[in-house]
1. Here are some residues: G133, G66. Which one is part of a helix (DSSP H, G or I) and under 24 Å from the mean Cα position of the chain (by Cα)?
2. Under the condition of being among the small types (G, A, S) and part of a strand (DSSP E or B), which residue from segment 360-395 is nearest to Y302 (Cα to Cα)?
3. For A60, indicate whether it is over 30 Å from A238 (Cβ atoms) and crowded, with 17+ Cβ neighbours inside 10 Å.
4. Mind listing whichever residues of segment 185-207 are of a type outside the set (A, V, I, L, M) and touching a Pro at 6+ places or on another chain (Cβ under 8 Å)?
5. Select from segment 22-57 the residues that are more than 17 Å from the chain's Cα centre (by Cα), farther than 23 Å from C381 by Cα and not aromatic (F, W, Y) and write down the one among them that is surrounded by the fewest Cβ atoms within 10 Å (Cβ to Cβ).
6. Starting from residues that are more than 18 Å from L266 (Cα to Cα) and modelled with pLDDT of 85 or more, keep the ones in segment 222-246 and report whichever is farthest from the chain's Cα centre (by Cα).
7. Given the conditions (1) farther than 30 Å from N243 by Cβ; (2) outside any loop (DSSP other than H, G, I, E, B), which single one is not true for V84?
8. Can you find a residue in segment 141-151 that is modelled with pLDDT under 90, surrounded by 19 or more Cβ atoms within 10 Å (Cβ to Cβ), outside any helix (DSSP H, G or I) and over 22 Å from the mean Cα position of the chain (by Cα)?
Amino acid sequence: MTEINLEKIDKSLNVFLGIIKLGTILGMVFGFIVIYKYLDYINQLGIFTSIVSQPYSVLAILFVFGFISSFIYLSLLAPYQLTVIANDEGVLIKRLMERLVFLVSSIFPIIGFLILIVIAFYTSKEWRDSNCGEVAVFGIFIFSIFLPAVVFLISWHYSKKRIVKKNRMIKELKGIYSTNSLKNIVLFSILVALLTFFLLLVVVLSIAANWIDDENFQWLFLICSLILVAANSLVAAALLNDNKNKINDNKNKITNKIVYYGFPILFCLVYWVSIAFFTDDIPQKLLYPIRFIEIPKDSGWYIISNKYQRKEDFELHGIGVNGMTTEGMEYIKKNFTREVPFEGIDFDDEKNKCAQPKNKLQKNALYGYMAWNLGEVKVFCPKSVEFYGKHTEEELLLASQKCLVLTADVLQPLDRQYIPY
């Protein structure tokens with residue numbers, strides 16, 4: 001019967017929880033920095049405190065950016081954890097080849113990723129969609145994830161054979177040569193390969209394809225990303241115990257933790273700096289896919305609600321919508337309109353009567369998009385206002401002055417059937 005090592009399980013759980021905590025903290029800090037930079041860019045920093053004071057807004061930021069940061073950090077941390085497992089199991093590196101074996105769990109996914117890039121660019125769409133193409137892609141995935149484990153098994157077999165041949169009196173092999181140690185290392189090498197492969201496929205390739213417009217910069221970014229992943233793995237392999245690294249001394253536990261957890265953070269920072277170098281509008285490109293913000297193409301009709309309006313206020317003071325005078329609403333509507341030809345719209349039709357282009361029928365209908373869409377406070381901008389691309393400070397200031405800052409219960413989306421143009 002196999003004994004359960006509770007101490008090892010407890011240690012693994014503590015490591016896992018520590019990683020989650022660290023990833024969560026990094027994600028929250030990173031998320032707040034991104035949002036702060038974006039609000040500063042659109043000249044709406046005044047609502048930042050409102051956003052961070054709303055629990056559900058903070059939870060949304062924590063979940064999204066915590067997940068992104070944790071995934072990238074875990075992918076870069078995994079090779080170091082493989083080194084930790086090897087050192088704990090008593091692995092002693094005596095030859096360069098033995099150290100290189102621990103690199104294959106990161107190198108093979110890089111090779112597989114490069115093969116996928118070649119297939120994407122140098123084969124026809126018909127071949128990629130065929131059975132042969134699908135089998136080839138699946139084969140590359142298997143090659144990238146499981147071949148490192150095969151290499152470990154082969155290395156273990158020949159190393160064990162060599163030791164037994166030198167000393168036939170050995171009855172039990174410990175460390176890397178024991179079956180239990182081999183199982184732990186092989187399973188974790190598969191995890192390292194899986195995380196590395198998905199880091200390249202999901203994060204690196206997505207950023208290159210969707211965030212970078214220049215083709216030369218796309219290739220340069222891919223090359224830099226591959227070099228960074230390889231360098232991260234080289235540093236992790238350099239920390240393997242060879243009786244020379246003081247870092248593996250049990251007396252230096254604090255130093256060990258700083259090195260094993262600190263280097264991945266350093267590589268994360270380097271990676272984000274490289275992303276910032278190759279791409280423009282990083283806050284927008286991070287916030288738009290999760291719909292924390294919208295862009296002009298998402299524009300639609302909204303109404304400013306009158307539910308707080310008292311009839312006597314309207315009769316006595318001529319107030320039109322939520323404290324705004326009729327003249328004020330007319331001035332605002334000059335920016336929040338949609339210029340379209342009305343040919344082809346039958347305004348005699350019952351469903352289109354409220355859509356007639358007359359101010360008296362659409363006093364509180366505005367056309368625009370949410371430049372900030374998370375939380376109770378919204379930034380509502382006309383379609384003509386654009387916060388993507390390069391702009392001067394004066395252009396951004398003039399653009400932001402056309403936007404409205406309103407609470408969610410005041411501004412409500414209007415169904416297309418009411419204004420079908």
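1. Exactly one residue qualifies, and that residue is G66.
2. Per the criteria, the residue is A365.
3. Yes; evaluated as a whole, the condition is true for this residue.
4. Residues satisfying the conditions are S189, T196, F197.
5. So, considering only residues that are more than 17 Å from the chain's Cα centre (by Cα), farther than 23 Å from C381 by Cα and not aromatic (F, W, Y), the one surrounded by the fewest Cβ atoms within 10 Å (Cβ to Cβ) is P55.
6. Looking at the filtered set, the residue picked out is I223.
7. The single condition V84 does not satisfy is (1).
8. Scanning segment 141-151, I find no residue that is modelled with pLDDT under 90, surrounded by 19 or more Cβ atoms within 10 Å (Cβ to Cβ), outside any helix (DSSP H, G or I) and over 22 Å from the mean Cα position of the chain (by Cα), so the answer is no.
The values are calculated or read from the model by the stated rules, or taken from the named source; none is laboratory data. Quick caveat, the model's predicted, so the values are computed rather than measured. Methodologically, a virtual Cβ is constructed for each residue, glycine included, from the backbone with ideal geometry; neighbour enumeration extends over all protein chains shown.
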